[in-house]
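Coordinate-derived values only; no laboratory data. As the structure is a computational prediction, the values presented were derived from the model and not from experiment. Neighbour counts are summed over all protein chains in view; Cβ atoms, including those assigned to glycine, are modelled from backbone coordinates with ideal geometry.
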Amino acid sequence: MTTTTIIYVVLLLTALVGVVGAVVPVMPGPILILGASIAAGFLYQWDDVTVTLVVSSVVFLMCFAIEQLSGIWGAQKAGASHWGQIGSIVGLFLGFFGLLPALPLGGPLVGMFFGPFIGAVVGELFYPREVPMGERVSISVKAGVGIVLGSVIGLVLQGLLSLVAAIVFAVTTWHLGFGIV
């Protein structure tokens, strides 16, 4: 293997790790694909990576927007109040750092899925409403489920977009790493 091929394989693997990172919270995702595209531009010729650079840039921006909006969208669809949304954010951080008493095992990934749910439910329970406790619990759980479902849908969309960007990277730059014209 030539040095060019080895470097290309590392860039391709970086793009593939970016696909995994798009669906695994805390792991960098689309930014890795964009980084691989930029590195390919520096290492090869910018004209050879124009398509992958544009696609990976657009995917990065779309994934950033999806990440920011998916939980909010799920919360709104479920009728969550701002208290539930704030609770989900607090729960996310507490879950990630393992500070939720209900989650002694499982680590940050488990905490990142259950933390927002628990936080949204608690936030909604504290939201001042003039409804009986049974209905209050029902509203709180619905808000928690909505926030988690919105986040999961966002992760799936980010994963699919990142997969498209990685495929475009591989298809449009394959010739650079293996000398095929």
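Relative to the longest principal axis of the Cα atoms of the chain, helix 82-96 runs at roughly 60 degrees.
Tell me, what is a quarter of the convex hull surface for the C-alpha atoms of the chain, in nm² with one decimal? Before the final figure, lay out each step's value.
Values: hull surface 46.6 nm².
The orientation-averaged projected area of the Cα hull of the chain comes to 11.7 nm².
The residue list L163, W46, L94 was ranked by how far each Cα lies along the charge dipole of the chain toward its positive end, using unit charges on Cβ atoms, and L94 comes out on top. With respect to the chain, whose longest principal axis is taken over its alpha-carbon atoms, helix 30-43 is tilted by about 20°. Estimated translational diffusion coefficient (Stokes-Einstein, Kirkwood radius over Cα pairs, 4 °C, 1.567 mPa s) of region 29-91: 94 µm² per second. Report note on the peptides 61-74, 110-123, 128-141, 146-159: ranked by the mean count of other C-beta atoms within 10 Å, highest first, their order is 110-123, 146-159, 61-74, 128-141.
Mean residue ellipticity at 222 nm, helices only, the chain: -28500 deg cm²/dmol; runs of at least 4 DSSP H residues each add -39,500 (n - 2.57), and the sum is divided by the number of residues. Between the helical axis of 107-126 and the dominant principal axis of the chain, each derived from Cα atoms, what acute angle in degrees is found, rounded to the nearest 10? Once rounded, one gets 40 degrees.
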